[in-house]
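The values are calculated or read from the model by the stated rules, or taken from the named source; none is laboratory data. These numbers come from a predicted model, not from an experiment. Note that we place each Cβ from the backbone using ideal geometry, even for glycine, and neighbour counts take in every protein chain shown.
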């Protein structure tokens, strides 16, 4: 599953940084070039509460194979597109398929991990995306040097390889049995996990800041003369990896709830540090603080929620988490862009810090009302 997800992310993060340049080459304005990522994120967030339950019905391994095959066709089709409107129409479909892939892969990965080490395992598995994101953009721009069509065909080949890895995986029922997890039963209900969405809004208050960081931290670095411009994102990625390696083995022993509450507080410090940063040291400290909390937030939240979700509804639950998380990223990116233009970078990240500070109080209130995080027998 680590290899499967590494191929997923190394493919999509070659495409995302390059796609705006392709749109500009086809006549788009700089403002509209960002719609590629925007529509991908929005369509994923809207579709995830529905594609997650669908994956539970179809089967998680089967969903991985079907989604991988569809992504192979979608990325290959980009090569033939010469109109921005068609490109944006295809990326909406891409986002829907992406939501199914993310929900199914999260549910499948959870099934392969022994319950007593679930948070640790999810943290290790999640590092596949961090490592892929670290190298994919550079590879994407290098391949793009040979032409847009060459890049699209290379991505299609990666997705075919990803689909092949999915085909070689055992059925989730076999994986669950080998991991000593609860048996996966036939799904008889199809519905959205509204309780999970409401609780996961606490994550969206943090991912709001993440959306602004991924889109504008490099521009902020340029504005105040910090080099290299990737200083914040590099420090954040290193912190995510280190925190998962150091804390991962202890996460289940300490308790997902305790780690989650800490991980909802630490990113606030990172955003506040960035809002007042005056140079490279400030960027590094802010990136380390944000990454330390952000890196532990997903595995601890998923572990906590999965304790009260029936095995047959895990796809629906992960779809709900994805919907809230991606909504925060999309809204955060758009709002930060407006705030930067109107009030500057510091005010934009100060706003993100204020919203992130609401995550823990909201989580505690919502958990008390929704009764999530209690084991299901």
Which number in (1) assigned to a helix (DSSP H, G or I); (2) modelled with pLDDT under 85 marks the one condition that residue 198 misses? (2)
Residues that are farther than 20 Å from residue 205 by Cβ and in contact (Cβ under 8 Å) with a residue 40 or more places away in the chain: find the helices (runs of 4 or more DSSP H) completely inside the range 279-377 holding 2 or more of those. 280-306, 314-343
Determine which member of the set 57, 62 is over 17 Å from the mean Cα position of the chain (by Cα) and either without any contact (Cβ under 8 Å) to a residue 12 or more places away in the chain or not assigned by TED's automatic domain parsing to the domain that holds residue 149 (or both). 62
So, first residue over 22 Å from residue 230 (Cβ atoms) in the range 5-30, second residue modelled with pLDDT of 85 or more and outside any helix (DSSP H, G or I), Cβ within less than 8 Å, six or more apart or across chains; the pairs are 26/82; 26/83
Selection count, the range 214-226, where residues are at pLDDT 85 or above and either closer than 22 Å to residue 325 by Cα or not in a helix (DSSP H, G or I) (or both): 2
Residues 166, 209: which one is crowded, with 18+ Cβ neighbours inside 10 Å, over 13 Å from residue 108 (Cα atoms) and modelled with pLDDT of 85 or more? 209
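Given the residues 146, 141, which is the only one that is without any contact (Cβ under 8 Å) to a residue 12 or more places away in the chain, within 30 Å of residue 18 (Cα to Cα) and surrounded by fewer than 19 Cβ atoms within 10 Å (Cβ to Cβ)?
Sole residue among the options that is without any contact (Cβ under 8 Å) to a residue 12 or more places away in the chain, within 30 Å of residue 18 (Cα to Cα) and surrounded by fewer than 19 Cβ atoms within 10 Å (Cβ to Cβ): 146.
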Considering only helices (runs of 4 or more DSSP H) fully contained in the range 19-119, which possess at least 2 residues that are in contact with a helix residue (DSSP H, G or I) (Cβ under 9 Å, 6 or more places away or on another chain) and within 18 Å of residue 158 (Cβ to Cβ)? 60-78, 84-112
Among (1) surrounded by fewer than 23 Cβ atoms within 10 Å (Cβ to Cβ); (2) within 16 Å of the chain's Cα centre (by Cα); (3) more than 25 Å from residue 28 (Cα to Cα), there is one condition residue 96 misses while meeting the rest; what is its number? (3)
